[in-house]
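Visitor: Just passing along the structure, written as C-alpha cells.
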Amino acid sequence: MMQAKIKKGKFKKLCDILGEDLDSPACRQIIDNISNSPPCKVYYDTVKKSVLLCKQNDCVEEVPNGVNKRLLKILDLEEEK
C-alpha cells in the first residue's frame, strides 16, 4: 500500500471534508488510489486546479438552488444557513 511518496498534509482537508480521520480506512484507500493510480492522480490534480482557478478568479457563478439541493441530498449533507 502507498508505494508512492506522498505528503499526507494535502489530503487532510479532503478527509476532513469527508468527515474521516486521515488514518481511517476510507482515507487511506483514497490516498492509496490517488497516489498509485495515474487516472486518479490526474483527476485529483484537475479538480484541485479547477478549484484554485475559481478561487483566483473570484468565480461568482452560483449553482441553481434546485441543483444545489439535489447535490446536498445525494451527498447526505445539510445546507449552510
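The values are calculated or read from the model by the stated rules, or taken from the named source; none is laboratory data. Since we're looking at a predicted model, the values are computed, not measured. Note that we place each Cβ from the backbone using ideal geometry, even for glycine, and neighbour counts take in every protein chain shown.
Visitor: Going by the structure shown, is Asn65 of a type in the set (S, T, N, Q) and at pLDDT 80 or above? Give the derivation first.
Guide: Details: of a type in the set (S, T, N, Q): yes; at pLDDT 80 or above: no.
Spelling it out, it is not the case that Asn65 is of a type in the set (S, T, N, Q) and at pLDDT 80 or above.
Visitor: Follow-up question, since we're still on this one. Where residues in the range 5-16 are part of a loop (DSSP other than H, G, I, E, B) and surrounded by 11 or more Cβ atoms within 10 Å (Cβ to Cβ), which of them is modelled with the lowest pLDDT?
Guide: The first filter runs over the range 5-16 and keeps only residues part of a loop (DSSP other than H, G, I, E, B), leaving 5-8.
Right, trim to surrounded by 11 or more Cβ atoms within 10 Å (Cβ to Cβ) and you get 6, 8.
On the way: Ile6: 54, Lys8: 68.
Filtering the range 5-16 for residues that are part of a loop (DSSP other than H, G, I, E, B) and surrounded by 11 or more Cβ atoms within 10 Å (Cβ to Cβ), the one modelled with the lowest pLDDT comes out as Ile6.
Visitor: Same structure, new question: Which residue pairs have Cβ atoms closer than 6 Å, lie 6 or more positions apart in sequence or on different chains, and pair a first residue in the range 9-22 that is among the acidic types (Asp, Glu) with a second residue that is assigned to a helix (DSSP H, G or I)?
Guide: Within 6 Å, the pairs are Glu20/Ala26; Glu20/Cys27.
Visitor: Considering only residues that are assigned to a loop (DSSP other than H, G, I, E, B) and surrounded by 10 or more Cβ atoms within 10 Å (Cβ to Cβ), which ones fall in the range 44-65?
Guide: Of the residues in the range 44-65, the ones assigned to a loop (DSSP other than H, G, I, E, B) are 57-64.
Cys59, Val63 - these are the residues of the range 44-65 that are assigned to a loop (DSSP other than H, G, I, E, B) and surrounded by 10 or more Cβ atoms within 10 Å (Cβ to Cβ).
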